[in-house]
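**Student:** Quick one: structure below, then a few questions.
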Amino acid sequence: MSETRTGLVAAFTLAGISTLVPTVAAQSGTSTTDGLIWGLNTELLAVAIPITVLVEAILIYTVWRYRAGKVTEALPTQENRRLEITWTVATAVVLLFVGVASMGVLAQDHVATTGDSIGADDDTLEVQVVAEKYAWTFNYPEHNVTTGSTLVLPVDREVRLNVTSKDWLHSFHVPGLGLKQDAFPEQANYLITEPTETGEHQLYCAEYCGAGHSGMLGTVEVVSQGEFQDWLDEQSD
Ligand SMILES: [Cu+2]
(Lines give C-alpha, C1' and ligand atoms only; values in the text may rest on other atoms or scores of the structure.)
Protein backbone atom coordinates (compact mmCIF):
# COMPACT_ATOMS: atom_id res chain seq x y z
CA MET A 1 0.00 0.00 0.00
CA SER A 2 2.75 2.42 0.91
CA GLU A 3 4.38 1.74 -2.46
CA THR A 4 1.16 2.77 -4.22
CA ARG A 5 1.02 5.89 -2.13
CA THR A 6 4.64 6.78 -2.91
CA GLY A 7 3.94 6.34 -6.61
CA LEU A 8 0.89 8.58 -6.52
CA VAL A 9 2.67 11.26 -4.50
CA ALA A 10 5.51 11.22 -7.04
CA ALA A 11 3.02 11.52 -9.92
CA PHE A 12 1.21 14.47 -8.35
CA THR A 13 4.50 16.21 -7.56
CA LEU A 14 5.62 15.86 -11.18
CA ALA A 15 2.22 17.14 -12.33
CA GLY A 16 2.55 20.16 -10.06
CA ILE A 17 6.04 21.02 -11.31
CA SER A 18 4.96 20.72 -14.96
CA THR A 19 2.26 23.39 -14.55
CA LEU A 20 5.10 25.88 -14.09
CA VAL A 21 6.53 25.19 -17.55
CA PRO A 22 3.78 26.82 -19.68
CA THR A 23 3.52 29.72 -17.22
CA VAL A 24 7.17 30.52 -17.85
CA ALA A 25 6.70 30.10 -21.61
CA ALA A 26 3.76 32.53 -21.72
CA GLN A 27 4.12 35.40 -24.18
CA SER A 28 2.19 38.58 -24.77
CA GLY A 29 1.89 38.37 -28.56
CA THR A 30 2.37 40.71 -31.52
CA SER A 31 -1.28 41.85 -31.54
CA THR A 32 -4.27 41.63 -29.22
CA THR A 33 -5.55 38.73 -31.35
CA ASP A 34 -2.23 36.88 -31.23
CA GLY A 35 -2.02 37.50 -27.46
CA LEU A 36 -5.50 36.05 -26.84
CA ILE A 37 -4.78 32.95 -28.93
CA TRP A 38 -1.42 32.29 -27.25
CA GLY A 39 -2.95 32.96 -23.83
CA LEU A 40 -5.56 30.26 -24.48
CA ASN A 41 -2.85 27.92 -25.74
CA THR A 42 -0.90 28.43 -22.53
CA GLU A 43 -3.98 27.85 -20.34
CA LEU A 44 -4.83 24.63 -22.16
CA LEU A 45 -1.22 23.43 -21.90
CA ALA A 46 -1.29 24.13 -18.16
CA VAL A 47 -4.09 21.56 -17.90
CA ALA A 48 -2.88 19.12 -20.57
CA ILE A 49 0.74 18.73 -19.42
CA PRO A 50 -0.04 17.71 -15.81
CA ILE A 51 -2.64 15.20 -17.05
CA THR A 52 -0.13 13.75 -19.52
CA VAL A 53 2.54 13.48 -16.82
CA LEU A 54 0.08 11.92 -14.36
CA VAL A 55 -1.13 9.28 -16.86
CA GLU A 56 2.43 8.46 -17.95
CA ALA A 57 3.59 8.20 -14.33
CA ILE A 58 0.76 5.81 -13.44
CA LEU A 59 1.52 3.77 -16.56
CA ILE A 60 5.21 3.50 -15.80
CA TYR A 61 4.50 2.74 -12.14
CA THR A 62 2.06 -0.01 -13.15
CA VAL A 63 4.52 -1.58 -15.55
CA TRP A 64 7.18 -1.57 -12.84
CA ARG A 65 4.93 -2.69 -9.99
CA TYR A 66 3.32 -5.58 -11.86
CA ARG A 67 6.30 -6.65 -13.93
CA ALA A 68 6.84 -10.31 -14.67
CA GLY A 69 8.06 -12.31 -11.73
CA LYS A 70 6.62 -10.01 -9.07
CA VAL A 71 2.93 -10.83 -9.53
CA THR A 72 2.34 -14.12 -11.28
CA GLU A 73 -1.37 -14.01 -11.96
CA ALA A 74 -3.55 -11.21 -13.34
CA LEU A 75 -6.61 -10.58 -11.17
CA PRO A 76 -9.97 -9.27 -12.41
CA THR A 77 -10.69 -5.62 -11.57
CA GLN A 78 -13.09 -5.11 -8.66
CA GLU A 79 -15.95 -2.68 -8.98
CA ASN A 80 -15.01 0.58 -7.33
CA ARG A 81 -17.87 3.06 -7.41
CA ARG A 82 -15.94 5.85 -5.71
CA LEU A 83 -13.13 5.63 -8.28
CA GLU A 84 -15.60 5.59 -11.19
CA ILE A 85 -17.44 8.65 -9.91
CA THR A 86 -14.11 10.40 -9.37
CA TRP A 87 -12.83 9.94 -12.90
CA THR A 88 -16.19 10.82 -14.44
CA VAL A 89 -16.37 14.07 -12.49
CA ALA A 90 -12.69 14.87 -13.11
CA THR A 91 -13.15 14.42 -16.88
CA ALA A 92 -16.25 16.62 -16.84
CA VAL A 93 -14.37 19.34 -14.96
CA VAL A 94 -11.48 19.26 -17.46
CA LEU A 95 -13.84 19.41 -20.48
CA LEU A 96 -15.84 22.23 -18.91
CA PHE A 97 -12.64 24.18 -18.32
CA VAL A 98 -11.55 23.68 -21.95
CA GLY A 99 -15.01 24.72 -23.21
CA VAL A 100 -15.34 27.80 -21.04
CA ALA A 101 -11.74 28.96 -21.67
CA SER A 102 -12.12 28.49 -25.46
CA MET A 103 -15.48 30.25 -25.65
CA GLY A 104 -14.10 33.11 -23.56
CA VAL A 105 -11.51 33.74 -26.29
CA LEU A 106 -13.62 32.85 -29.35
CA ALA A 107 -16.42 35.22 -28.30
CA GLN A 108 -14.10 38.24 -28.37
CA ASP A 109 -14.32 40.78 -31.20
CA HIS A 110 -10.56 40.65 -31.65
CA VAL A 111 -10.65 36.92 -32.38
CA ALA A 112 -13.91 36.20 -34.21
CA THR A 113 -15.92 38.97 -35.80
CA THR A 114 -19.06 38.02 -37.66
CA GLY A 115 -21.01 39.95 -40.29
CA ASP A 116 -20.95 43.67 -39.65
CA SER A 117 -21.00 43.33 -35.87
CA ILE A 118 -18.20 45.33 -34.60
CA GLY A 119 -17.11 47.15 -31.56
CA ALA A 120 -15.13 49.62 -33.61
CA ASP A 121 -14.99 53.15 -32.17
CA ASP A 122 -14.19 56.46 -33.87
CA ASP A 123 -10.47 56.12 -33.41
CA THR A 124 -10.39 52.75 -35.19
CA LEU A 125 -8.45 52.74 -38.45
CA GLU A 126 -10.47 51.36 -41.35
CA VAL A 127 -8.71 49.42 -44.09
CA GLN A 128 -10.32 47.64 -47.03
CA VAL A 129 -8.43 44.49 -47.98
CA VAL A 130 -9.24 43.44 -51.54
CA ALA A 131 -8.11 40.07 -52.89
CA GLU A 132 -7.96 39.19 -56.56
CA LYS A 133 -6.06 36.66 -58.68
CA TYR A 134 -3.18 36.93 -57.57
CA ALA A 135 -2.62 40.10 -55.59
CA TRP A 136 -3.69 42.13 -52.58
CA THR A 137 -4.81 45.74 -52.56
CA PHE A 138 -5.23 47.86 -49.44
CA ASN A 139 -7.44 50.89 -49.36
CA TYR A 140 -7.56 53.43 -46.51
CA PRO A 141 -10.89 55.17 -47.22
CA GLU A 142 -10.48 57.85 -44.51
CA HIS A 143 -7.18 58.94 -46.05
CA ASN A 144 -7.83 58.38 -49.75
CA VAL A 145 -4.82 56.09 -49.98
CA THR A 146 -4.58 52.82 -51.92
CA THR A 147 -1.54 50.53 -51.97
CA GLY A 148 -0.61 47.09 -53.23
CA SER A 149 1.32 44.19 -51.67
CA THR A 150 2.31 45.95 -48.40
CA LEU A 151 -0.24 46.67 -45.68
CA VAL A 152 1.09 49.35 -43.33
CA LEU A 153 -0.47 49.51 -39.86
CA PRO A 154 0.24 51.76 -36.86
CA VAL A 155 1.17 50.09 -33.57
CA ASP A 156 -1.13 50.41 -30.53
CA ARG A 157 -4.15 51.52 -32.52
CA GLU A 158 -7.23 49.43 -33.20
CA VAL A 159 -7.67 48.53 -36.86
CA ARG A 160 -10.71 47.13 -38.63
CA LEU A 161 -9.95 45.20 -41.81
CA ASN A 162 -12.81 44.78 -44.24
CA VAL A 163 -11.80 41.72 -46.24
CA THR A 164 -13.39 41.10 -49.63
CA SER A 165 -12.62 39.73 -53.09
CA LYS A 166 -12.93 40.96 -56.67
CA ASP A 167 -13.19 37.56 -58.33
CA TRP A 168 -13.56 34.43 -56.20
CA LEU A 169 -12.50 32.74 -52.98
CA HIS A 170 -9.26 33.80 -51.29
CA SER A 171 -8.24 34.01 -47.65
CA PHE A 172 -6.28 36.74 -45.86
CA HIS A 173 -3.80 35.02 -43.54
CA VAL A 174 -1.12 36.68 -41.40
CA PRO A 175 0.06 34.02 -38.92
CA GLY A 176 2.56 36.43 -37.32
CA LEU A 177 -0.32 38.60 -36.08
CA GLY A 178 -2.77 35.74 -35.46
CA LEU A 179 -5.11 36.87 -38.27
CA LYS A 180 -7.11 34.84 -40.77
CA GLN A 181 -10.27 35.76 -42.64
CA ASP A 182 -11.95 34.45 -45.80
CA ALA A 183 -12.33 36.81 -48.77
CA PHE A 184 -15.59 36.36 -50.71
CA PRO A 185 -16.86 38.40 -53.67
CA GLU A 186 -19.60 40.87 -52.75
CA GLN A 187 -19.29 40.13 -49.06
CA ALA A 188 -17.54 42.04 -46.30
CA ASN A 189 -15.77 39.89 -43.69
CA TYR A 190 -14.24 41.81 -40.84
CA LEU A 191 -11.15 41.40 -38.70
CA ILE A 192 -10.54 43.64 -35.71
CA THR A 193 -7.20 43.73 -33.96
CA GLU A 194 -4.61 46.01 -32.43
CA PRO A 195 -0.93 45.40 -33.24
CA THR A 196 1.07 45.67 -30.03
CA GLU A 197 4.61 45.41 -31.46
CA THR A 198 6.30 46.96 -34.47
CA GLY A 199 7.68 44.56 -37.07
CA GLU A 200 7.17 42.86 -40.40
CA HIS A 201 4.92 39.88 -41.06
CA GLN A 202 4.28 37.69 -44.08
CA LEU A 203 0.82 37.74 -45.62
CA TYR A 204 -0.42 34.62 -47.41
CA CYS A 205 -3.48 33.68 -49.42
CA ALA A 206 -4.76 30.63 -47.52
CA GLU A 207 -7.44 29.45 -49.94
CA TYR A 208 -6.30 27.64 -53.07
CA CYS A 209 -7.37 30.04 -55.79
CA GLY A 210 -5.59 29.00 -59.00
CA ALA A 211 -2.24 28.65 -60.74
CA GLY A 212 -0.76 31.76 -59.08
CA HIS A 213 -1.98 30.93 -55.56
CA SER A 214 1.46 30.14 -54.12
CA GLY A 215 2.73 33.54 -55.24
CA MET A 216 -0.21 35.45 -53.78
CA LEU A 217 1.87 36.92 -50.99
CA GLY A 218 2.17 40.24 -49.28
CA THR A 219 3.78 41.98 -46.31
CA VAL A 220 2.25 43.56 -43.23
CA GLU A 221 4.41 46.27 -41.72
CA VAL A 222 3.57 47.47 -38.22
CA VAL A 223 5.19 50.88 -37.65
CA SER A 224 5.10 53.57 -34.97
CA GLN A 225 2.19 56.01 -35.11
CA GLY A 226 4.51 58.81 -36.24
CA GLU A 227 5.96 56.72 -39.06
CA PHE A 228 2.45 55.74 -40.09
CA GLN A 229 1.45 59.39 -40.38
CA ASP A 230 4.59 60.16 -42.43
CA TRP A 231 3.84 57.20 -44.69
CA LEU A 232 0.25 58.40 -45.22
CA ASP A 233 1.50 61.91 -46.08
CA GLU A 234 3.98 60.44 -48.61
CA GLN A 235 1.22 58.44 -50.28
CA SER A 236 -1.09 61.39 -50.80
CA ASP A 237 1.66 63.64 -52.23
CU1 LIG B 1 -5.82 33.67 -53.45
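The values are calculated or read from the model by the stated rules, or taken from the named source; none is laboratory data. Values in this document were obtained by computation on a predicted structure and should not be read as measured data. Cβ: placed from backbone, ideal geometry, glycine included. Neighbour counts: every protein chain shown.
**Student:** When residue 221 is evaluated against the numbered criteria (1) modelled with pLDDT of 95 or more; (2) crowded, with 18+ Cβ neighbours inside 10 Å, which criterion, by number, is the only one it fails?
**Tutor:** Every listed condition holds for residue 221 apart from (2).
**Student:** Here is a follow-up. For segment 214-223, name all the residues that are among the aliphatic types (A, V, I, L, M) and either assigned to a strand (DSSP E or B) or more than 10 Å from the ligand (Cβ to nearest atom) (or both).
**Tutor:** Here is the first cut: in segment 214-223, the residues among the aliphatic types (A, V, I, L, M) are 216-217, 220, 222-223.
Matches in segment 214-223: 217, 220, 222, 223.
**Student:** On the given criteria, is residue 163 in a strand (DSSP E or B) and either within 23 Å of residue 38 (Cβ to Cβ) or outside the structural domain of residue 229 (by TED's automatic domain parsing) (or both)? Even if it seems obvious, please write down each step before you answer.
**Tutor:** Working: in a strand (DSSP E or B): yes; either within 23 Å of residue 38 (Cβ to Cβ) or outside the structural domain of residue 229 (by TED's automatic domain parsing) (or both): yes.
Against the criterion (in a strand (DSSP E or B) and either within 23 Å of residue 38 (Cβ to Cβ) or outside the structural domain of residue 229 (by TED's automatic domain parsing) (or both)), residue 163 qualifies.
**Student:** Mind checking which strands (runs of 3 or more DSSP E) fall wholly inside segment 169-213 and carry at least 1 residues that are assigned by TED's automatic domain parsing to the domain that holds residue 153, of a type in the set (Gly, Ala, Ser) and more than 16 Å from the ligand (Cβ to nearest atom)?
**Tutor:** Details: elements: 170-174, 179-183, 189-193, 199-205.
Fully inside segment 169-213 and qualifying: 199-205.
**Student:** What is the number of the single condition among (1) in contact with a Ser or Thr (Cβ under 8 Å, 6 or more places away or on another chain); (2) among the aliphatic types (A, V, I, L, M); (3) over 21 Å from residue 112 (Cα atoms) that residue 211 does not meet?
**Tutor:** (1)
**Student:** Spot the failing condition for residue 183; the list is (1) farther than 26 Å from residue 237 by Cβ; (2) touching a Ser or Thr at 6+ places or on another chain (Cβ under 6 Å); (3) surrounded by fewer than 20 Cβ atoms within 10 Å (Cβ to Cβ); (4) at pLDDT 95 or above, and only one is missed.
**Tutor:** (3)
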